[in-house]
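The values are calculated or read from the model by the stated rules, or taken from the named source; none is laboratory data. Just so you know, these numbers come straight off a predicted model, no measurement behind them. Positions of Cβ are backbone-derived with ideal geometry, glycine not excepted, and every protein chain shown enters the neighbour counts. Accessible surface areas use protein heavy atoms only, side chains included; no ligands, DNA or RNA. Shrake-Rupley method; radii C 1.70, N 1.55, O 1.52, S 1.80 Å.
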Amino acid sequence: MRISTRTFLEQPVTDMTRLQATLGVTQQEIASGVRQSASEPATASRLGALDRSVARLAQYERNAAFVGDRLRSTETAIADAGDVLQRIHELAVQAGSGTLDGASRKLIAAEVRSLRDHLLGVANRIDPNGGYLFGGSRSEQAPFVEHWGIVQYQGDEALRAVEVLPGRAIADGVDGGSFAEIQAEGETRDVFAAIDGFASALESVADGSL
């Protein structure tokens, strides 16, 4: 799966640029003295509203930058995970050859386990702001932990909706539960369990257990 950051952010950026232009004109008018003195109640009220608008715009810009950073990091992580799974698929095809001996299968199993560890690192990758990408709303802690050789997900499926313009909010990523799922034989399976099972099967065949 790929996330298009341009799709999420292009319109908000356009809207913010337009708002900046409007605020800039108003600020120039006030600075030039064309409008009434700032001491008059009506002008003071207008200046207060302008200040609040500028503050909101600055917050929207910060929000958009935050979401943009996270989505770009998420897109890179998903691409990296795809590369890992593609390599494991290639190894699975290779392992299916009837000409391989036990030593060769053990070498393949070792590479599969190394790739699995690399995938775990990708799953626990952090964004430029220090939050974990795939923890859902629990971005302050590593979402994937390993206990007794089994990878467990301790994040949640909630995503934060970040407001980048009035009435326009953007989800800030992908939850780890979705990240770690694969479709196999018509069923949804945990990707780490599937990889571990594949490596164990290779080792058993190599040892003559199967």
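Structure data summary
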| item | result |
| --- | --- |
| Spin-label zone in segment 114-137 - amide nitrogen under 19 Å from a point set 7 Å from the Cα of residue 158 along the C-beta vector | 131-137 |
| Amide H contacts of residue 160 (H built 1.01 Å from N, under 5 Å, at least 5 apart or other chain) | 172 |
| Unit Cα scatterers, Debye sum, segment 72-121: log10 I(q)/I(0) for q = 0.29 Å⁻¹ | -1.06 |
| Karplus 3J(HN,Hα) series, Hz, for segment 149-157 with 6.51 cos²θ - 1.76 cosθ + 1.60 (x for Gly, Pro) | x, 10, 7, 10, 9, 10, x, 9, 9 |
| Calculated from backbone phi, Karplus (6.51, -1.76, 1.60) coupling profile of segment 163-168 in Hz, x at Gly/Pro | 7, 10, 7, x, x, 10 |
| Portion, in percent, of the accessible area of segment 55-210 that falls on carbon or sulfur, probe 1.4 Å | 51 |
| Positive-end residue of 195, 161, 134, charge dipole of segment 126-210 with Cβ unit charges | 161 |
| Phi to ³J(HN,Hα) by Karplus 6.51 cos²θ - 1.76 cosθ + 1.60 over segment 136-146, Hz, x for Gly, Pro | x, 7, 9, 7, 8, 10, 4, x, 10, 10, 10 |
| Rg/Rh ratio calculated on Cα atoms of segment 61-198 (Kirkwood radius) | 1.07 |
